[in-house]
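Participant: Got a structure here, written out as structure tokens. Questions coming.
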Amino acid sequence: MKNITLVSALVATLLFIGCTDNSTATPKSSKAMFQSVSPQQAKLLQTGENRESCPICGMHLQKFYKTNHAGKTKDGTKQYCSLHCVVDDNELKKTDIKDLKVIDVNSLKFISAHQAIYVVGSSKPGTMSRTSKYAFAKKSEAEAFAKKFGGKVTNLDGAYTSAMKDFSRR
């Protein structure tokens, strides 16, 4: 009887350890997600109970920080995990987003999305899309990224048009 209890306790412990949620931890291994940053590096612009999550899909903003966008709406500032969710909110839900900003991959700061240079379709993973969209403050940095990881250098209009294609496939 003691052996069964001991085995049960061991199985329960292993299950607990295996099911522990480390999704908010920043991975330190070589398998770290390219989009992720540490909590100290992430700047959250929206407020409220769910401020750490995309208001469209619920994905964790810090985990997908390098593809974050933010804009002002009649309901206040919203921060999105991706350009895909911006398009969803702006086009499908008819939210009028103003002052659109995007994270610059290199500085991790918000910059004007209208002035940003995007790389669309690199080998780095996309967020909410198979086609990645990363933004840069400087064209030379976008070109260097595209040379290393592939993709097309474009502006917000080109990246937005690419994101719109996600919805035409449905």
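The values are calculated or read from the model by the stated rules, or taken from the named source; none is laboratory data. Because the structure is predicted, anything quoted here is derived from the model rather than measured. So basically every Cβ, Gly included, is an ideal-geometry build from the backbone, and we count neighbours across all protein chains shown.
Participant: Looking at 90, 22 in this structure, which one is modelled with pLDDT under 95 and either in a loop (DSSP other than H, G, I, E, B) or under 24 Å from residue 157 (Cβ atoms) (or both)?
Facilitator: Result of the check over 90, 22: 22.
Participant: For region 61-84, what are the residues that are among the hydrophobic types (A, V, I, L, M, F, W, C) and within 15 Å of residue 51 (Cβ to Cβ)?
Facilitator: Scanning region 61-84 gives 61, 64, 70, 81.
Participant: Let me ask something else. Being under 25 Å from residue 151 (Cα atoms), of a type in the set (Ser, Thr, Tyr) and without any contact (Cβ under 8 Å) to a residue 40 or more places away in the chain narrows it down to one residue among 82, 53, 129, 122; which is it?
Facilitator: Selected residue: 122, the only one of 82, 53, 129, 122 that is under 25 Å from residue 151 (Cα atoms), of a type in the set (Ser, Thr, Tyr) and without any contact (Cβ under 8 Å) to a residue 40 or more places away in the chain.
Participant: Of all the strands (runs of 3 or more DSSP E) wholly in region 103-144, which have at least 2 residues that are crowded, with 22+ Cβ neighbours inside 10 Å?
Facilitator: By residue number, 117-120, 133-136.
Participant: Could you list all residues from region 159-170 that are surrounded by fewer than 16 Cβ atoms within 10 Å (Cβ to Cβ) and either outside any helix (DSSP H, G or I) or in contact (Cβ under 8 Å) with a residue 40 or more places away in the chain (or both)?
Facilitator: 164, 167, 169, 170 - these are the residues of region 159-170 that are surrounded by fewer than 16 Cβ atoms within 10 Å (Cβ to Cβ) and either outside any helix (DSSP H, G or I) or in contact (Cβ under 8 Å) with a residue 40 or more places away in the chain (or both).
Participant: Give region 84-96 a look and list any residue that's crowded, with 19+ Cβ neighbours inside 10 Å and either touching a helix residue (DSSP H, G or I) at 6+ places or on another chain (Cβ under 8 Å) or over 21 Å from residue 167 (Cα atoms) (or both), or say none.
Facilitator: 84, 86, 87, 88
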